[in-house]
Amino acid sequence: MPTVVVTYSALESVVAGIVGDSARVVVLIPNGADPHDFEPSAKDLETMSSAAVVVANGLDLEAGLVDALDQTEASGIPVFHIADHVTLRKGTGDADDPHVWLDPLTLAEAAPALAQEIGGRIGSDLTSAGTEVAKSLGDLSADIDARIKTLESCVIVTGHDSLGYFGARYGCEVVGSIIPGFSTAAEATAKDLTELKTLARAEGVKAIFTELGTPTDVADQLAREVGVDVIELATHVVPAGGGYDEMMIALTDSIVAGLS
Ligand SMILES: [Zn+2]
């Protein structure tokens, strides 16, 4: 059976939904590891080299995998970059935000092309599966929207700048992040944190949300000074026994609980 390698765990169930029984889906970056700073082992490179297709996020989400993905592509194995097939948002600088999976409707834009690419490589017609997956992502989005709508207002501070697509889709204003950047590798200066504290107070944020890779001491101190709780969001990790849908609903429910 052909193997489709996906770089990070959030994509696993979505890709599995497209391929059904026609391919095996293997996740490269272990669930719970930070995709922003993952370095592949020799075994990972071997896994990629035996894939029918590699599905990556792109936009340097997988910063440590860029060389390996280039090599894989150069060796003739197709690498499908999700970010090449969706409407991108920019951050404060000129860079594009890689966190496309945190809005199901953005992710859904890539489903038809992804189904066509994988189908072509493994010799199966996956067109209708691609359409079905896109539709189910639409249903998930409606569910998230209904949950967020129970909030009077959705104003959030995040661990790094990860919830831009989510915020734009569901009407949440992301006023700032502890790590001011799209990657957990960026670092906040003391000045950044003072400004964030002022902003968080002025906007009346009800919680400081953290994620994988957020420095807990910094988050704790900020929360203490603002006078709110720290709540961890699973933005880059799927829950035990669950997939993409469960991750997004758990994320939404954590935001709703934190802001209620
Ligand atoms: Zn991130």
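The values are calculated or read from the model by the stated rules, or taken from the named source; none is laboratory data. All of these numbers come straight from a predicted model, not from anything done at the bench. Just the protein is used for accessible areas: all its heavy atoms, side chains included, with ligands, DNA and RNA removed. Shrake-Rupley method; radii C 1.70, N 1.55, O 1.52, S 1.80 Å.
Over the stretch 3-142, accessible surface divided per residue gives 42 Å², non-protein components excluded, 1.4 Å probe.
Per residue of the chain, the DSSP helices (runs of n ≥ 4 H) give a summed -39500 (n - 2.57) that works out to -13000 deg cm²/dmol at 222 nm.
For the stretch 66-165, the Cα-based Rg and Dmax, in that order, read 16.5, 52 Å.
Alpha carbon centre of the stretch 193-219 versus the stretch 119-161: separation in Å? Distance between centres, Cα-based: 27 Å. Counted over the stretch 148-259 with a bin width of 10 Å, the fraction of Cα pairs per bin, in whole percents, is 15, 51, 30, 5, 0.
With only the Cα atoms considered, the chain has a convex hull volume of 118 Å³ per residue.
The accessible surface of the chain, taken with every protein chain in place and a 1.4 Å probe, is 49 percent carbon and sulfur.
Counting only DSSP beta bridges with both residues in the chain, what percent are antiparallel, rounded to the nearest 5? DSSP beta bridges in the chain are roughly 5 percent antiparallel. Under a 5 Å amide H cut-off, with hydrogens placed 1.01 Å from N, T235 pairs with L212 among residues at least 5 apart or on other chains. Take every Cα pair under 8 Å whose residues are at least 6 apart in sequence, average their separation, divide by the length of the stretch 3-142, and the relative contact order is 23 percent. Is the stretch 3-142 best put as rounded, prolate or oblate by its Cα gyration tensor, with a ≥ b ≥ c the root eigenvalues, rounded for a/c under 1.5, and otherwise prolate when a/b is larger than b/c, oblate when not? Judged from the Cα gyration tensor, the stretch 3-142 comes out oblate (a/c at least 1.5, b/c at or above a/b).
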